[in-house]
Ligand code: NI
């Protein structure tokens, strides 16, 4: 396994609609393993392929807490087939927008169909934080970042903060 390079905002690949995967083979599984390692190394709970520079419809998620048994979830060509009318607000962060967090409102539960690590067709009813993580990661496949769900003012504030953090780091 290998840790992959993370692409950060405002890299154009993060704005691109990712392409469907043709088949789940060993090469893709190696990529899924590398994505998971990259996500764990940066303490993320989800990662989408465009964030490592690959414009494919692939995400990995693990919402297990520290010290708990890992529960990796691999989703290839995931699609939301149902969304609840009920919404929930949850604080989100993103490995492509380091050190930022903001509250985002999304449907409280969603149904997702996808192919798993073995290429088997699966369906998942995601609720609670899993619903948040899954919707955040699936958005990445359509070039949408969580800050795109915020008001323009809030988004500009966050981007300014990101630029300020980067400048400070560059001067250290
Ligand atoms: Ni993200």
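For the reader, a short list of remarks on this structure follows.
- For the chain, averaging the sequence separation of C-alpha pairs within contact (under 8 Å, six or more residues apart) and dividing by the residue count gives a relative contact order of 23 percent.
- Normalised by residue count, the chain yields a Cα convex hull volume of 122 Å³ per residue.
- With R₀ set to 25 Å, the beta-carbon distance separating residue 167 from residue 30 gives a calculated FRET efficiency near 0.10.
- Where the Cα pairs of the range 1-42 fall when distances are cut into 10 Å bins, in %: 26, 41, 32, 0
- In the range 85-159, Rg over Rh equals 1.01, where Rg is the alpha-carbon radius of gyration and Rh the Kirkwood radius from pairwise Cα distances.
- Summary of the geometry: the range 48-69 and the range 125-157, compared by the centres of their Cα atoms, lie 14 Å apart.
- Prolate/oblate/rounded call for the range 1-73, Cα gyration tensor, a/c under 1.5 rounded: oblate
- Residue with peak Gaussian network fluctuation, the chain [Cα springs, cutoff 10 Å], from 75, 157, 35: 157
- Taking 33, 25, 116 in turn, the Gaussian network model of the chain (Cα-Cα springs below 10 Å) assigns the largest fluctuation to 25.
- Extent of the range 44-107 along its three principal axes (Cα atoms, max minus min coordinate, largest first): 31, 29, 26 Å.
Read the figures in this text as sums done on the coordinates, not as results from a lab. The structure presented is a predicted model; accordingly, all values stated were derived computationally and were not measured. When we count neighbours, we look across all protein chains shown, and the Cβ atoms used for this are built from the backbone with ideal geometry, even at glycine.
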